[in-house]
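Below is one structure, written out as structure tokens; the observations come after it.
The values are calculated or read from the model by the stated rules, or taken from the named source; none is laboratory data. All values reported here derive from a predicted model rather than from experimental measurement. Neighbour counts run over all protein chains shown; Cβ positions are idealised from the backbone, glycine included.
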Amino acid sequence: MESIYDEIEIEDFTFDPITQLFQYPCPCGDKFAIGIDDLADGEEIAVCPSCSLMVKVIFEPEDLEEYYEQLE
């Protein structure tokens, strides 16, 4: 099983409507990232591109609605 570094609430991520990514600072200095469509598809693990750490995103599917509204 994959090792989860932490569990982070979706509200603690920053959302960029241009890239459609949720990001959260990683201890290595980079950022964990996951796409809004990945979350909508049931994915809940955000990965850091620079190290092996992963975090679980804590959210309810209806939480994504407000972020999808930012895309319009």
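Given Tyr5, Tyr24, which one is at pLDDT below 95 and surrounded by 13 or more Cβ atoms within 10 Å (Cβ to Cβ)?
Details: Tyr24 fails: at pLDDT below 95.
It is Tyr5.
Does the range 23-46 hold any residues that are of a type outside the set (Asp, Glu), more than 8 Å from the chain's Cα centre (by Cα) and over 17 Å from Tyr68 (Cβ atoms), and which are they?
Pro25, Cys26, Pro27, Cys28, Gly29, Lys31
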